[in-house]
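Asks: My questions all concern the structure below.
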Amino acid sequence: MLTVALSIAFASIALAMAGCTLRLLRGPDPVDRVLAFDTLYINTIALLIVMDIHQSTSLFFEAALLIAMIGFVATVALARYLARGNIGE
Amino acid sequence: MKKALPFPLLSLALAACWVTLTEISPSHLALAFVLAVAIPHITEPFLVELPGIRSIGTALRLAGLVAWDIVLANIAVARLVLGPVARLRPGFVHVPLAVTHPHAIALFASIVSIVPGSLSIAFSPDARTLLLHVLHLEDEQQFVAKLKERYERPIMDMLKC
Amino acid sequence: MQDVIVSLLLLVGSFFILVGAIGLVRLPDFFMRLHGPTKSTTLGVGGMLLAAVVHAAGRDFSLRESLITLFLFVTAPVSAYLLGQAGLRRRIMSRAPLPDEVSGPGCRQP
């Protein structure tokens with residue numbers, strides 16, 4: 001039961017990441033790409049958590065926490081840059 | 001003479017986070033205490049005084065309501081996203097704000113964003129109006145009235161402001 | 001029993017993560033796409049983290065995983081707000097007519 005659920009979870013996360021990558025490559029605006037990146041790192045967190053469940057450890061927890069923090073800061077920085085870039089300065 | 005703990009709630013939350021992240025042992029408790037005292041002092045220039053909490057019951061009820069709405073509304077949004085996209089009618093909506101305290105406004109804007117179907121995008125310069133983007137807008141008046149009644153009223157009841 | 005709950009939570013999480021990604025790919029303009037990832041994906045990851053908490057409850061009970069959930073739910077509106085501001089500033093193509101005048105406290109110039 002759990003094995004099947006884990007397989008489905010891995011598959012859907014992979015599919016979701018593929019979708020994000022598609023949007024990342026296609027754009028059309030830089031803002032879309034930042035949004036795709038934002039979703040991509042949240043999916044990575046999900047992937048690490050499922051790995052944790054799969055291997056019955058909490059080895060990846062710290063990695064997930066760090067990705068969450070760094071990803072958020074990166075998104076904020078990129079969004080601020082894009083918001084400012086267009087009005088001069 | 002400055003107070004030892006200018007933001008007691010923040011200190012408590014920091015200590016709780018640290019203990020949850022590590023483990024309950026004397027050394028970690030001591031470290032949690034140091035962090036809980038030091039961080040509010042270092043970040044004080046950026047912090048805004050919290051308004052007092054008037055009713056913890058209302059706060060808990062609001063938290064439960066929001067958690068429930070997140071799940072329900074996500075199912076509704078899933079149906080919108082998976083259904084025919086051409087039929088969606090997105091729109092921008094201006095919401096006049098009754099709350100004035102920065103924390104209350106931030107709380108309201110965050111709740112509106114996290115409850116699917118609407119996203120806070122911008123404030124007017126005087127922070128009296130909130131601009132929302134709505135994924136599928138049917139009746140603007142009714143939508144705004146529902147948001148204000150459902151989330152803004154409990155926030156006003158719960159905080160002293 | 002524990003496995004059943006973990007499996008169910010995993011499936012729910014998978015579903016919402018997929019919905020978020022589908023919204024990102026499928027919806028026609030930026031502001032509509034902003035809805036999918038910020039909510040569905042956050043809820044999906046929340047479900048998976050809940051599954052991890054339930055799964056770990058047998059070995060050693062800890063609420064560490066729920067901290068990530070809390071963090072994501074607090075940061076999702078902030079990043080959505082900032083991205084929305086960036087979109088507005090860039091006068092991006094949108095199906096809903098863009099409002100004329102907006103400026104927010106999050107965007108004040110230094």
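Asks: Can you tell me which condition B:W68 does not meet? The list is (1) at the interface with chain C (Cβ under 9 Å from one of its Cβ atoms); (2) within 24 Å of C:P77 (Cα to Cα), and all the others hold.
Replies: Result: B:W68 fails condition (1) only.
Asks: Further, regarding this structure: Determine whether the stretch B:137-144 contains at least one residue that is of a type in the set (A, V, I, L, M, F, W, C), in a strand (DSSP E or B) and over 24 Å from B:L50 (Cβ atoms).
Replies: Taking every residue of the stretch B:137-144 in turn, none turns out to be of a type in the set (A, V, I, L, M, F, W, C), in a strand (DSSP E or B) and over 24 Å from B:L50 (Cβ atoms).
Asks: Still on this structure, please answer the following. Quick check on my filter: what residues within the stretch B:82-92 are at pLDDT 80 or above and part of a helix (DSSP H, G or I)?
Replies: B:L82
Asks: Consider A:A74 against the criteria (1) within 30 Å of B:T22 (Cα to Cα); (2) among the hydrophobic types (A, V, I, L, M, F, W, C); (3) without any contact (Cβ under 8 Å) to a residue 24 or more places away in the chain: it satisfies all of them except one. Which criterion is unmet?
Replies: Here A:A74 clears every test but (3).
Asks: Taking the stretch A:69-83 on its own, how many of its residues are over 12 Å from the mean Cα position of the chain (by Cα), facing chain C (nearest Cβ under 7 Å) and either of a type in the set (G, A, S) or closer than 24 Å to A:L48 by Cα (or both)?
Replies: Residues flagged as over 12 Å from the mean Cα position of the chain (by Cα), facing chain C (nearest Cβ under 7 Å) and either of a type in the set (G, A, S) or closer than 24 Å to A:L48 by Cα (or both) within the stretch A:69-83 amount to 3.
Asks: Among the numbered conditions (1) among the hydrophobic types (A, V, I, L, M, F, W, C); (2) under 22 Å from C:L82 (Cα atoms); (3) surrounded by fewer than 18 Cβ atoms within 10 Å (Cβ to Cβ), tell me where A:V31 comes up short.
Replies: Among (1) among the hydrophobic types (A, V, I, L, M, F, W, C); (2) under 22 Å from C:L82 (Cα atoms); (3) surrounded by fewer than 18 Cβ atoms within 10 Å (Cβ to Cβ), A:V31 violates only (3).
Asks: Given the criteria surrounded by 14 or more Cβ atoms within 10 Å (Cβ to Cβ) and either at pLDDT 80 or above or within 26 Å of B:L159 (Cβ to Cβ) (or both), does B:S11 qualify?
Replies: When the stated conditions are applied, B:S11 passes them.
Asks: Can you tell me which condition C:P28 does not meet? The list is (1) in a helix (DSSP H, G or I); (2) farther than 25 Å from A:T3 by Cβ, and all the others hold.
Replies: For C:P28, the failing item is (1).
Asks: Of all residues in the stretch B:51-73, which are of a type in the set (A, V, I, L, M), surrounded by 14 or more Cβ atoms within 10 Å (Cβ to Cβ) and either touching a strand residue (DSSP E or B) at 6+ places or on another chain (Cβ under 8 Å) or in contact (Cβ under 8 Å) with a residue 40 or more places away in the chain (or both)?
Replies: Scanning the stretch B:51-73 gives B:A59, B:L62, B:L65, B:V66, B:I70, B:A73.
Asks: Would you mention how many residues in the stretch C:53-74 are at the interface with chain A (Cβ under 8 Å from one of its Cβ atoms) and in contact (Cβ under 8 Å) with a residue 24 or more places away in the chain?
Replies: 2
Asks: Here is a check on your reading of the model: is B:V48 exposed (fewer than 14 other Cβ atoms within 10 Å of the Cβ) and not aromatic (F, W, Y)?
Replies: Working: exposed (fewer than 14 other Cβ atoms within 10 Å of the Cβ): yes; not aromatic (F, W, Y): yes.
Considered against the rule, which asks whether it is exposed (fewer than 14 other Cβ atoms within 10 Å of the Cβ) and not aromatic (F, W, Y), B:V48 comes out as yes.
Asks: Among the residues of the stretch A:1-21, count how many are more than 7 Å from every other protein chain (Cβ to nearest Cβ) and either surrounded by fewer than 18 Cβ atoms within 10 Å (Cβ to Cβ) or more than 15 Å from C:F16 (Cα to Cα) (or both).
Replies: The first filter runs over the stretch A:1-21 and keeps only residues more than 7 Å from every other protein chain (Cβ to nearest Cβ), leaving A:3-4, A:7, A:10-11, A:14, A:17-18, A:21.
Pick out the ones that are also either surrounded by fewer than 18 Cβ atoms within 10 Å (Cβ to Cβ) or more than 15 Å from C:F16 (Cα to Cα) (or both) and you get A:3-4, A:7, A:10-11, A:14, A:18, A:21.
Number of matching residues: 8.
Asks: So which of B:V95, B:V112 ends up being in contact with a helix residue (DSSP H, G or I) (Cβ under 9 Å, 6 or more places away or on another chain), modelled with pLDDT of 80 or more, outside any helix (DSSP H, G or I) and under 25 Å from C:L82 (Cβ atoms)? Outline the logic, then answer.
Replies: Values: B:V112 fails: outside any helix (DSSP H, G or I).
The unique qualifying residue is B:V95.
Asks: Please work out which residue is nearest to the other protein chains (Cβ to nearest Cβ), limiting yourself to the stretch A:22-57 and to residues that are under 15 Å from the mean Cα position of the chain (by Cα) and of a type in the set (K, R).
Replies: So, considering only residues that are under 15 Å from the mean Cα position of the chain (by Cα) and of a type in the set (K, R), the one nearest to the other protein chains (Cβ to nearest Cβ) is A:R23.
Asks: Scan the stretch B:74-102 residue by residue and report those that are aliphatic (A, V, I, L, M) and without any contact (Cβ under 8 Å) to a residue 40 or more places away in the chain.
Replies: Within the stretch B:74-102, B:I75, B:A78, B:V81, B:L82, B:V85, B:A86 qualify.
Asks: Also: Would you confirm whether any residue within the stretch A:58-68 is outside any loop (DSSP other than H, G, I, E, B), charged (D, E, K, R) and more than 8 Å from chain C (Cβ to nearest Cβ)?
Replies: The answer is yes; a qualifying residue exists.
Asks: Next question, about the same structure. Answer yes if at least one residue in the stretch C:1-16 is assigned to a helix (DSSP H, G or I), facing chain A (nearest Cβ under 7 Å), under 16 Å from A:I49 (Cα atoms) and of a type in the set (V, I, T), and no otherwise.
Replies: Yes, the stretch C:1-16 contains at least one residue that is assigned to a helix (DSSP H, G or I), facing chain A (nearest Cβ under 7 Å), under 16 Å from A:I49 (Cα atoms) and of a type in the set (V, I, T).
Asks: Follow-up. Looking at A:I67, A:I53, A:I13, which one is within 18 Å of C:V74 (Cα to Cα), in contact (Cβ under 8 Å) with a residue 12 or more places away in the chain and β-branched (V, I, T)?
Replies: A:I67
Asks: If you don't mind, another one. Pick from the stretch C:17-39 the residues that are facing chain A (nearest Cβ under 7 Å) and surrounded by fewer than 21 Cβ atoms within 10 Å (Cβ to Cβ): which of them is nearest to A:D29 (Cα to Cα)? Give the steps one after another, and end with the answer.
Replies: Start the filter on the stretch C:17-39 by keeping residues that are facing chain A (nearest Cβ under 7 Å), which leaves C:17-18, C:20-22, C:24-25, C:30, C:33-34, C:37.
Filter again for surrounded by fewer than 21 Cβ atoms within 10 Å (Cβ to Cβ), leaving C:22, C:25.
Working: C:I22: 18, C:V25: 14 Å.
Per the criteria, the residue is C:V25.
The values are calculated or read from the model by the stated rules, or taken from the named source; none is laboratory data. Bear in mind the structure is a predicted one, so any value in this text is a computation, not a measurement. When we count neighbours, we look across all protein chains shown, and the Cβ atoms used for this are built from the backbone with ideal geometry, even at glycine.
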